[in-house]
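As structure tokens, the structure follows; a few thoughts come after it.
The values are calculated or read from the model by the stated rules, or taken from the named source; none is laboratory data. Nothing here was measured: the structure is a model prediction, and the numbers come from that model. Using ideal geometry, Cβ is built from the backbone for each residue, glycine included, and neighbour counts are taken over all protein chains shown.
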4 protein chains.
Amino acid sequence: MKRIENFKSIIDKYNVIFFDAFGVLKTHQGLMPGIERTFAYLEAQKKEYYIVTNDASRSPLQLAQSYHNKGLMAITPDRIVSSGMLTKEYLDLKVDHGIVAYLGTPESSHYIESPGCHTMPVSEVNASNMDKVSALIFLDDEGFSWFEDINKAVNILRKRNIPVIVANTDHAYPLSANDVSIAIGSIASMVENIVGKNFIRFGKPDSQMFMFAYDLIRERRPISKNEIVMVGDTLQTDILGGNKFGLDTVLVLSGNTLPHNAETRIAATGIVPTYICDNAVVELGEFGF
Amino acid sequence: MKRIENFKSIIDKYNVIFFDAFGVLKTHQGLMPGIERTFAYLEAQKKEYYIVTNDASRSPLQLAQSYHNKGLMAITPDRIVSSGMLTKEYLDLKVDHGIVAYLGTPESSHYIESPGCHTMPVSEVNASNMDKVSALIFLDDEGFSWFEDINKAVNILRKRNIPVIVANTDHAYPLSANDVSIAIGSIASMVENIVGKNFIRFGKPDSQMFMFAYDLIRERRPISKNEIVMVGDTLQTDILGGNKFGLDTVLVLSGNTLPHNAETRIAATGIVPTYICDNAVVELGEFGF
Amino acid sequence: MKRIENFKSIIDKYNVIFFDAFGVLKTHQGLMPGIERTFAYLEAQKKEYYIVTNDASRSPLQLAQSYHNKGLMAITPDRIVSSGMLTKEYLDLKVDHGIVAYLGTPESSHYIESPGCHTMPVSEVNASNMDKVSALIFLDDEGFSWFEDINKAVNILRKRNIPVIVANTDHAYPLSANDVSIAIGSIASMVENIVGKNFIRFGKPDSQMFMFAYDLIRERRPISKNEIVMVGDTLQTDILGGNKFGLDTVLVLSGNTLPHNAETRIAATGIVPTYICDNAVVELGEFGF
Amino acid sequence: MKRIENFKSIIDKYNVIFFDAFGVLKTHQGLMPGIERTFAYLEAQKKEYYIVTNDASRSPLQLAQSYHNKGLMAITPDRIVSSGMLTKEYLDLKVDHGIVAYLGTPESSHYIESPGCHTMPVSEVNASNMDKVSALIFLDDEGFSWFEDINKAVNILRKRNIPVIVANTDHAYPLSANDVSIAIGSIASMVENIVGKNFIRFGKPDSQMFMFAYDLIRERRPISKNEIVMVGDTLQTDILGGNKFGLDTVLVLSGNTLPHNAETRIAATGIVPTYICDNAVVELGEFGF
């Protein structure tokens, strides 16, 4: 584990950079200040980069649009690998008919539509269509009535033995400087304990996220894992997952892991990044700005 | 483990009977048919009995009243031991000032009021009174907005290092013949995982429930554990808890554990009741009816 | 939570003191230096005291003898409440015939002998006597071959649906200044996961330990929980268990919880003692020494 | 889920077959009777096949040799994907110096030797070389003293913050018709709980196993996931992992999952295979035998 002063020197060592989104590129207030310089430098150096994110609330197109709206044009849909995309791939491969019931916003559900099936909010499942439900997806924590619809999801799963996908494994996410919000991953774990069945989870630290991004590169050119570095703010997802997949890893201290207790958290969890860096920002003056 | 045909013969063997409530004395539709004969027989034989229930939604007085309303007058408040009463005892002993915030119905909170504190729904906690919150209680699954107030409970517990009581450890409860409802115990476990702290749980199988009932008897006369039998429909709470406390136990098949898979469930869990009986009803004709 | 400079002032506030053993009265090297003054003061003030310990490796008589051998005569067998004694009580109440198989030293097993049963090391169970095994006890981490006998315990429990008692819930214990040893509680949890059954655990933080000590007092005189304080070095057992039982609690920093991270650990676990004190020693000069 | 009478018809539907080893190709007594016909048919039909196995006790060369010794020549080292190979890949990518300490047989350790490091049994780690230990591997349940070396592993991990690899995630494995043996995966979970750190696990159901086999095919030709079927006897590893990776799956009833309770287990776990088949054997007479 090595303390690195400037993030630019990490970019210089690798050909491909995987970035986590929240706590690295953006905060609850908007873009991480200065992050546009990082992408300008990446483009100038002709480095490849991907956003690898536990987010199923929107399609890659919508996610990219949200960066464009904030002024960061470098992040295009083909650069984004989300746990929602793995959910979509699973449905394409394994579910070819019936109703895919989901907890999440209606908008979040459109992009997971798969040939032969149609998506339906859990709230619309009832005695007459229950038999046609062929999968249930935990997509997002918003867009439904928690009391009504989480209870309904439990009762659907007691009656129907169908695959259940958790499209975002996070337990909570930051809402403001002081508050967090319960993520759909926590709700899914609660329901899993009640019904006693095994759900399928997509999202870091699981290898399938990293493999998906890795494959996007391999489709165009040969690549070796030691050309890639994973940059993230969370030990349990970004760093553990990156390490396990065989990548070098950078823990940045601009999000979940705070500067004053990073060392303590690393010692307590046994999750050791290759490097620690304050943030993923290329500093002013480092590169002709 | 012994299959018993008539419940009356179990009453004849013991001086004190502990009953679980749901699935034993009542169902989602009302009283268990014929259960009034069991209590008539207990009274006639001068046997002692207690209701030992994971229920914090109402005071003993209100719980007894709900039996009276259905026509069962034998169950008086002094016969009821609930996980809510243990919560009240904890607050009396350990919390002597400030606000006791709770998730549950307003009515459920009155009876846990303790000298020096006052109870307040989580929804009313805000930046100005947050510092005065001295305990948080998971009381019941109704009476609050799940989305708003469970999220608020998480954020209170991230800011205040206070005791947290789970007043009902059940994960789910039957709502109708086919559906269950998520119980406050499941919600508490989800929040505990998110905030990473140790909550205090009252309710079977924990020994403190049995001890509380045991002490009620001892206050009036000497008693030995082998004079008591625990009657319940749930292996993981009634039978495991009764066994561990050193009591003989009866599994009845009128609730959670179904006749066709009772043996399988006992083998799978390793929780072995002393007796199995169809229900806790004294049959017509067995006793002068 | 209040920082207390001298332990003597805590004794002055309560009528009964419950002590944990390891990290409070003794260390891996012998008695805690000066602890004899604490007991001299307790005797002089006519305070009651009990040792409440997760230890099933020896009988109360043998445990008391070990203190006498080190020069502390105040700790007599009737002052000791151990998780082994709860195991013995369970067997007396619930197991009246057959073989009680155990993992532990032969000496540790004698005192749990119960009328009608006899104890036998797991190593001596074989195809010819397997059918007579009526309970299995995880007593101690020594006195058997881990490879042979833990594997045999798994296979006994796959064939026999019998109660399983974990007589010591600790996960590890200190062996020297730098090293720990795996405790029988960890081995039991591993076996429980493999066989998928519910074991019965005795030992702090479970209430039954505290109740047993509480009952010893009540047999002689009326007592209220607020006359008692629990003194221990471990948040997850001594302090959590004491708090839950409704007692005031003192965390001492002479064992498992180290002075430099006590506050961090309390914040992380949410387990808050009533007091924190360096150790349980009455200082020289405080009381006529 | 579809009941299939003859395994041959499954081969006919796919281009690539992934097989689990234990309970599918072999039992504790040797090869599954008739399994040689399956491989003769696969060769005749020019189908590809791979053995995907949670086994780190031997190198692919040694594993293939064990099939040859039993007379099954079709299984060559390049057909085998084991969790041990993923461990070797991890070490090659992430550990470039120092001592790789392991629990397992000395023979099992040779094939994970990585440039710059050397492997050493945990028993040989001591105060003088402790500082050079750069990784610890849970390889196999044999070849070491459980009491001495599991305890030593705990103490190494309390002193050194290094990556820990669990090279076989199984909890137990069959030893004979009636007995199982605790696998290294269970021992690793016990140690992980004691030291409180996050270990890295390779082995089904984790996707990395399937990806490794998938990549072996892709190196030679284009392949789509729907050309592949995974055949296994265990719901929690073979079927869950295969499903999650997006493959069709066949549950065979010749190993862990028994014919009389397969339906119950599928309903209880929610892990639904695409097909159920008695075994993976092409029947006599089905194909010119």
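Taking the condition part of a helix (DSSP H, G or I), touching a Leu at 6+ places or on another chain (Cβ under 9 Å) and either surrounded by fewer than 19 Cβ atoms within 10 Å (Cβ to Cβ) or acidic (Asp, Glu) (or both), does C:Asp131 pass?
Numbers: part of a helix (DSSP H, G or I): yes; touching a Leu at 6+ places or on another chain (Cβ under 9 Å): no; either surrounded by fewer than 19 Cβ atoms within 10 Å (Cβ to Cβ) or acidic (Asp, Glu) (or both): yes.
In short, no.
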Checklist entry - Which one is farthest from the other protein chains (Cβ to nearest Cβ), of the residues in the range C:76-88 that are touching a residue at least 40 places away in the same chain (Cβ under 8 Å) and under 17 Å from C:Val164 (Cβ atoms)? => result C:Gly84
Next on the checklist: Can you go through B:Thr269, B:Thr234 and tell me which one is touching a residue at least 24 places away in the same chain (Cβ under 8 Å), more than 9 Å from every other protein chain (Cβ to nearest Cβ) and not charged (D, E, K, R)?
Outcome noted: B:Thr234
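For (1) part of a strand (DSSP E or B); (2) assigned by TED's automatic domain parsing to the domain that holds B:Asp140; (3) in contact with a strand residue (DSSP E or B) (Cβ under 7 Å, 6 or more places away or on another chain), each residue gets a yes or a no:
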site: B:Ile10; (1), (2), (3): no, no, yes
site: B:Ser66; (1), (2), (3): no, no, no
site: B:Asp92; (1), (2), (3): no, yes, no
site: B:Ile99; (1), (2), (3): yes, yes, yes
site: B:Tyr102; (1), (2), (3): yes, yes, yes
Checklist entry - Of the numbered conditions (1) without any contact (Cβ under 8 Å) to a residue 40 or more places away in the chain; (2) in contact with a strand residue (DSSP E or B) (Cβ under 9 Å, 6 or more places away or on another chain); (3) among the aliphatic types (A, V, I, L, M), D:Leu258 satisfies every one except a single condition; which is it? => result (2)
Checklist entry - Just wondering, is there one or more residues in the range C:143-159 that are in contact (Cβ under 8 Å) with a residue 60 or more places away in the chain, within 14 Å of chain B (Cβ to nearest Cβ) and crowded, with 19+ Cβ neighbours inside 10 Å? => result no
Checklist entry - Within the range B:48-69, how many residues are closer than 17 Å to B:Asp20 by Cβ and not hydroxyl-bearing (Ser, Thr, Tyr)? => result 10
Checklist entry - If we keep just the residues of the range D:254-266 that are of a type in the set (S, T, N, Q) and in a loop (DSSP other than H, G, I, E, B), which is nearest to B:Arg265 (Cα to Cα)? => result D:Thr257
Next on the checklist: On the basis of being touching a strand residue (DSSP E or B) at 6+ places or on another chain (Cβ under 8 Å), acidic (Asp, Glu) and not assigned by TED's automatic domain parsing to the domain that holds B:Phe138, does B:Glu48 make the cut?
Outcome noted: yes
Checklist outcome for this item: Residues of the range D:193-208 being more than 17 Å from the chain's Cα centre (by Cα) and more than 9 Å from chain A (Cβ to nearest Cβ), in sequence order, are D:Asn193, D:Ile194
Next on the checklist: Restricting to the range C:77-102, name every residue that is under 19 Å from B:Pro273 (Cβ atoms), touching a helix residue (DSSP H, G or I) at 6+ places or on another chain (Cβ under 6 Å) and aliphatic (A, V, I, L, M).
Outcome noted: C:Leu93
Checklist entry - Quick check: is even one residue across the range D:145-154 under 25 Å from C:Asn193 (Cα atoms), in a loop (DSSP other than H, G, I, E, B) and not aromatic (Phe, Trp, Tyr)? => result yes
Next on the checklist: It is to be established whether one or more residues within the range C:246-253 are surrounded by 22 or more Cβ atoms within 10 Å (Cβ to Cβ), touching a residue at least 60 places away in the same chain (Cβ under 8 Å) and not in a loop (DSSP other than H, G, I, E, B).
Outcome noted: yes
Next on the checklist: For the list (1) surrounded by fewer than 21 Cβ atoms within 10 Å (Cβ to Cβ); (2) at the interface with chain D (Cβ under 8 Å from one of its Cβ atoms); (3) in a helix (DSSP H, G or I), I need the number of the one condition that C:Ser181 fails.
Outcome noted: (3)
Next on the checklist: Given the criterion assigned to a strand (DSSP E or B) and either surrounded by 14 or more Cβ atoms within 10 Å (Cβ to Cβ) or within 11 Å of another protein chain (Cβ to nearest Cβ) (or both), identify the matching residue among B:Ile137, B:Ile187, B:Ile112.
Outcome noted: B:Ile137
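Tell me the residue from A:Asp20, A:Asp12 that is crowded, with 21+ Cβ neighbours inside 10 Å and acidic (Asp, Glu), please.
None of the others qualify; the one that does is A:Asp20.
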Checklist entry - Within the range B:98-109, which residues are without any contact (Cβ under 8 Å) to a residue 60 or more places away in the chain and either closer than 17 Å to B:Ser59 by Cβ or away from every other protein chain (no Cβ under 14 Å) (or both)? => result B:Ile99, B:Val100, B:Ala101, B:Tyr102, B:Thr105, B:Pro106, B:Glu107, B:Ser108, B:Ser109
